[in-house]
Amino acid sequence: MRRVLTIAGTLLALVCLELLLPRVLPNTYYQRILMLCGINVILAVSLNLVNGLTGQFSIGHAGFMAVGGYSAAILSMRVLPPLAAALAAAGLPEPIAEGIVLLLALLAGGTLAAVAGWAVGLPSLRLRGDYLAIVTLGFGEIIRVVITNIDAVGGARGLSGVPRYTTFFWVMLWVVIVVTLSYNLLKSSHGRAMLAVREDEVAAEALGIDTTRTKVIAFVLSAFFAGVAGGLFAHFDAYLNPSSFTFLRSIEIVTMVVLGGMGSVSGAILAAIFLTGLPELLRPVKEYRLVIYAFLLIVLMITRPQGILGTRELTMPWAKKPKPAPTPGASR
């Protein structure tokens, strides 16, 4: 019952924030930055499952984002419009009908990205370090080149006409889902197995942990949420282009994870917000914006190479359970 109330309260809070956003933040430019921050948080926290918790080195996250984005966009454009019309004819309000279509498209896009993650991860996660990085990099580039040469999805021209269904509610809902899952995973047996693989893979195998299976689970979950982020991005910009999913995009997401602290969910969130907002804050000095941006990153990584939070998590003292008082006469 408590869990149901928590879910209902979270959904109600997100709906209220959705309604209040135009009043609190009327400037659409700032609304766009806020939405991009949310999408990048999903990408960074999901990649943290592989690079941070499991200690692998994947640099093909943009490839999974592209799979999910294009799959979700094609579904909402060419497969699901009859469903949207039927829901509207049934008397459902337009935002709810669009939300149902978007949810189905995101789940389908995320699932296809997860399948791609499984197909890549199963044979390649027996590799380690630089070899795994090369395989994931190759996968990301293959996806981009294939999409560029398929006219059915727009090819190099890009895919236009994607319904603009993404709202603040949906972005924040998926942020809550991926962050909650990551925190709960840290406390579970699967999360402890991932941490064991990160610390010492040989020792983890000696303890009976199926290291390949553990890494594949992390890879599939990471790819699923990357696909969802791609779907949200597609339905927010209403346009997709292969140039949005280049190698540099994958490096940007890896930078968020490394800057926040490998394995820290809170650090990934802070770094994603920081790296999304910083270029916009530097727009007044546009001639030197990229130079200052790169310089600040270099200084931060020199002065704090473990990242903003390292492996620690932000805690809320008021949310901690009070320690039980010692029983009188208990042995010490």
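The values are calculated or read from the model by the stated rules, or taken from the named source; none is laboratory data. The structure displayed is predicted, hence computed values, not measured ones. Every residue, glycine among them, receives a Cβ derived from its backbone with ideal geometry; neighbour counts consider all protein chains shown. Each accessible area value is taken on the protein alone, full model and side chains, heavy atoms only, with ligands, DNA and RNA left out. Shrake-Rupley method; radii C 1.70, N 1.55, O 1.52, S 1.80 Å.
General observations
- The condition (being open to solvent by 90 Å² or more (accessible area, probe 1.4 Å) and either in contact (Cβ under 8 Å) with a residue 12 or more places away in the chain or more than 26 Å from GLU280 (Cβ to Cβ) (or both)) is satisfied by just one residue among LEU5, LEU19: LEU5.
- Some residue of the range 147-154 being closer than 23 Å to ALA113 by Cβ and within 23 Å of the chain's Cα centre (by Cα): yes
- The set of residues from the range 35-75 being open to solvent by less than 10 Å² (accessible area, probe 1.4 Å), farther than 17 Å from LEU112 by Cα and among the small types (Gly, Ala, Ser) comprises GLY38, ALA44, GLY52, SER58.
- Of the numbered criteria (1) among the β-branched types (Val, Ile, Thr); (2) farther than 15 Å from SER76 by Cβ; (3) touching a strand residue (DSSP E or B) at 6+ places or on another chain (Cβ under 6 Å), the one VAL197 fails is (3).
- Scanning the range 143-160 for residues being open to solvent by less than 30 Å² (accessible area, probe 1.4 Å) and basic (Lys, Arg) gives a total of 0.
- In the condition set (1) among the polar types (S, T, N, Q); (2) over 13 Å from the mean Cα position of the chain (by Cα); (3) closer than 21 Å to HIS61 by Cβ, SER250 is compliant with all but (2).
- Of the helices (runs of 4 or more DSSP H) contained entirely in the range 217-304, those carrying at least 1 residues that are open to solvent by less than 10 Å² (accessible area, probe 1.4 Å) fall at 247-260, 265-281.
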